[in-house]
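The values are calculated or read from the model by the stated rules, or taken from the named source; none is laboratory data. On a predicted model such as this, the values are computed, not experimentally measured, just so you know. Ideal geometry is used to build each Cβ from the backbone, glycine not excepted, and the neighbour counts take in all protein chains shown. All accessible areas refer to the heavy atoms of the entire protein, side chains included, with ligands and DNA or RNA removed. Shrake-Rupley method; radii C 1.70, N 1.55, O 1.52, S 1.80 Å.
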Amino acid sequence: MPRLTCALGPDSAGDLLAGLCGGASGALDIAVYEIGPSYASLIAAAASRGVRVRLLVDAHAGANAASARLLAGRGAAEVRVWAHRPAEAHWKLICAGDATVAAGSGNLIARDAPHPAVGRPGTREWWLAVDGDPALAACARAALEAAWGEAGPVPAAWAGAVAAAPPVGVPRPAVPALELEVDPGALELVTGGRAVAGVLEARLREVRRRALVTVPYVHPHVPAVATLLGGLAAAAGRGCDARLLLGALPEPADLAALTRLGLAVRVMDPARSTTGHAKGAVLDGAVIAGSANWSGAGLGANLEAALAVDAPAAAGYYAAAFDRDWAASG
């Protein structure tokens, strides 16, 4: 049976990801929006042990510039850059060896995935990792292979301004990762923003008990987002526990749209917990964790990835995390 690991950032996700990157054997394929020096050094160390490493990053300015040049310059990894705008390579997808896959919400940087994790500040993230499922790993590699073929070399100059870092805290209590066995039929990996939107829409229609959604922000004027928000409101209308937890205060027009829908909405407070960066949902006994923001790009042309798991214990882990964050939000 495959083994599933559920991990929250900053509590334990950084340790999970550092272990995957630093302890890989055979092959390590990483597709991530941004990677920082702490993870670049782990990847370089893996390559020095003979691991074949491929890194696919987005073309925006930031930590990628130094990390990609460092790895490519040392010959530690094959590095390619996605520059096909307006689509961004926003996914966070790792494939290690022949049977291990991880998908989640955070970048491989110290803010999103600190390691060692205990007591260190960072954004709230949701990650899921599966070990022992060759079919799932083949699915992930096929998606990565397709994007790899369209990506280009490391550029001489990186475009765009560096985004401002959000305030972060240390959520309490720190929650360890959860490990459990899971049936392969309970796992579904989806790639591409539109595919992620389709899975969320379909599963929201079937919700009968709870629909707990956390995302950094929502753009209700975008048709795909409006559809999902309508699905969440419909779940509330059926008597479900339907709530939306945002990572940051919405723009006035977005807040007005949410108010009109009558949704239960709160915003994470960095002073009481941390800034929310997770993109996840607990839908009855299933959990979905991924990279797609509820925006036109995130649910549209972007390269995104999400892992859906039908497992009550996993859903319970993230529901409890959601409730703690909800209680510490305003």
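Points to keep in mind about this one:
- In the set (1) under 14 Å from residue 20 (Cβ atoms); (2) surrounded by 22 or more Cβ atoms within 10 Å (Cβ to Cβ); (3) in contact with an Asp or Glu (Cβ under 7 Å, 6 or more places away or on another chain); (4) among the small types (Gly, Ala, Ser), the condition left unmet by residue 89 is number (1).
- Here the strands (runs of 3 or more DSSP E) wholly within segment 253-330 that include at least 1 residues being under 19 Å from residue 188 (Cα atoms) are 280-283, 286-290, 305-310.
- Residue satisfying all of: in segment 144-170; β-branched (Val, Ile, Thr) and modelled with pLDDT of 80 or more; farthest from residue 54 (Cα to Cα) among these: 170
- Cβ-Cβ under 9 Å pairs, at least 6 apart or on other chains, segment 297-312 side within 17 Å of residue 86 (Cα to Cα), far side assigned to a strand (DSSP E or B) and open to solvent by 10 Å² or more (accessible area, probe 1.4 Å): 303/82; 303/191; 304/190; 304/191
- Scanning segment 105-117 for residues that are among the aliphatic types (A, V, I, L, M) and either surrounded by fewer than 24 Cβ atoms within 10 Å (Cβ to Cβ) or in a loop (DSSP other than H, G, I, E, B) (or both) turns up 109, 110, 113, 117.
- Filtered residue count, segment 302-330, keeping only those that are of a type in the set (Val, Ile, Thr) and under 13 Å from residue 212 (Cα atoms): 0
- Hits in segment 203-240 (condition: in a helix (DSSP H, G or I), open to solvent by 20 Å² or more (accessible area, probe 1.4 Å) and either closer than 20 Å to residue 104 by Cα or at pLDDT below 95 (or both)): 203
- Residue satisfying all of: in segment 258-287; open to solvent by 20 Å² or more (accessible area, probe 1.4 Å) and in contact with a Pro (Cβ under 6 Å, 6 or more places away or on another chain); farthest from residue 104 (Cα to Cα) among these: 270
- Being surrounded by fewer than 22 Cβ atoms within 10 Å (Cβ to Cβ), of a type in the set (Gly, Ala, Ser) and either touching a Cys at 6+ places or on another chain (Cβ under 6 Å) or over 24 Å from residue 174 (Cβ atoms) (or both) holds for only one residue in 18, 27, and it is 27.
- Residue that is modelled with the lowest pLDDT, among those in segment 118-135 that are surrounded by fewer than 24 Cβ atoms within 10 Å (Cβ to Cβ) and of a type in the set (Gly, Ala, Ser): 119
- Residues being out of contact with any helix residue (DSSP H, G or I) (no Cβ under 8 Å at 6 or more places or on another chain) and open to solvent by 70 Å² or more (accessible area, probe 1.4 Å) - total across segment 34-72: 4
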